[in-house]
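Read through the structure below, which is laid out as C-alpha cells, and then see the notes.
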Ligand SMILES: NC(=O)c1ccc[n+]([C@@H]2O[C@H](COP(=O)([O-])OP(=O)(O)OC[C@H]3O[C@@H](n4cnc5c(N)ncnc54)[C@H](OP(=O)(O)O)[C@@H]3O)[C@@H](O)[C@H]2O)c1
C-alpha cells in the first residue's frame, strides 16, 4: 500500500519527518514491517531549509485532494488557521495530524467537522535548527515516544507510522496531555536552564589569561546522573550536599551567586526538599 503524505509547515520537525518517512525501512520501497510505502506529495508554500523544495505548492486544494495524510507542523499558534484553510477544501476521509505536544486535536476541529479524521501526533523529542551543509539524520525518531490522541481511524495510522519509524506511541487522554508537555519542557528546556547556570559558574572560575574549561567537563557527571535515574528512579538518585544535609555548603554557594542565580538555586533546593 502507498501512503501519500504532505506537510504544512516544513521546518525543524516537518523536514525531519519527511526525510525519515522517505528513508525508513518502509520508505519509498515499501520494505518495512507494515508493508507501507510512503510517497511525498507536497510541502505547502515553503521549505524552511530548502529541502524537498521541488514539492512546494501554493495551492491547498490539490495538496488535500492528492494526499492520504497531511501533517500540520507549523508553530502552535498557526495550527488552527492552517487547519481552517485546509477545511475550506473538501477534506472528508483524509487524515490530518498536528505535531504539537502542547495542543490537542481540538485545534483540528474545523477539519473534523468536514469529515476528516484528526489526531495530534507529536514526538517527545527535541529538534533544533538544521545546520547548513550538514546531513539530516536518517531517522531521528528511532526509539522515541510519540504522544497521540484523536479519532480512532487516525490513531490506527499513528501506530503504523510509528512502527515504521521504529518509535512508540503513547495514546493519551486529551485533558491530560498538557501534563506530558510540561514534563517534556522540564526534561529538556529546564535542563538547559540548569546547564546555563552551571556554565556561568564555570566562567567565574576562569581568568582572562586562562579561561575555565567548558560545560563538557560536566558531561560524565550528567551522563552518570541520567544512568542513576534510569536505574534507581528520580528521587533515589539524589547525592550532594543537600542529600547530606550540609546546609553550610549550600550557604557558601549562595554567597558566590548573582542575585538571579541565587533565586533559582534557592527555589531548586526548596523543591528538592518536597516529597
Ligand atoms: N522542534 C521541536 O523540537 C519540536 C518537538 C516536538 C514537537 N514540535 C512541534 O512541531 C511544530 C513545528 O515546530 P518546529 O520547531 O518545526 O517549527 P519551525 O521550525 O518554526 O517550523 C514551522 C514552519 O511552518 C511554517 N508555517 C507556518 N504557518 C504555515 C502555513 N500556514 N503554511 C505553510 N507553512 C507554514 C513556518 O514558516 P514561518 O516561519 O514563515 O511562519 C515554519 O517554516 C510545533 O507545533 C511544535 O510544537 C517541535
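The values are calculated or read from the model by the stated rules, or taken from the named source; none is laboratory data. These numbers come from a predicted model, not from an experiment. Positions of Cβ are backbone-derived with ideal geometry, glycine not excepted, and every protein chain shown enters the neighbour counts.
General observations
- Single match in 23, 90 (criterion: surrounded by fewer than 15 Cβ atoms within 10 Å (Cβ to Cβ) and either on the phi < 0 side of the Ramachandran plot or within 11 Å of the ligand (Cβ to nearest atom) (or both)): 90
- Single residue of 252, 266 found to be surrounded by 13 or more Cβ atoms within 10 Å (Cβ to Cβ), outside the structural domain of residue 126 (by TED's automatic domain parsing) and modelled with pLDDT of 95 or more: 266
- Count of the range 140-184 residues which are in a loop (DSSP other than H, G, I, E, B) and closer than 17 Å to residue 103 by Cα: 3
- Looking across the range 229-242, the residues that are within 24 Å of the chain's Cα centre (by Cα) and within 22 Å of residue 196 (Cβ to Cβ) come down to 229, 234.
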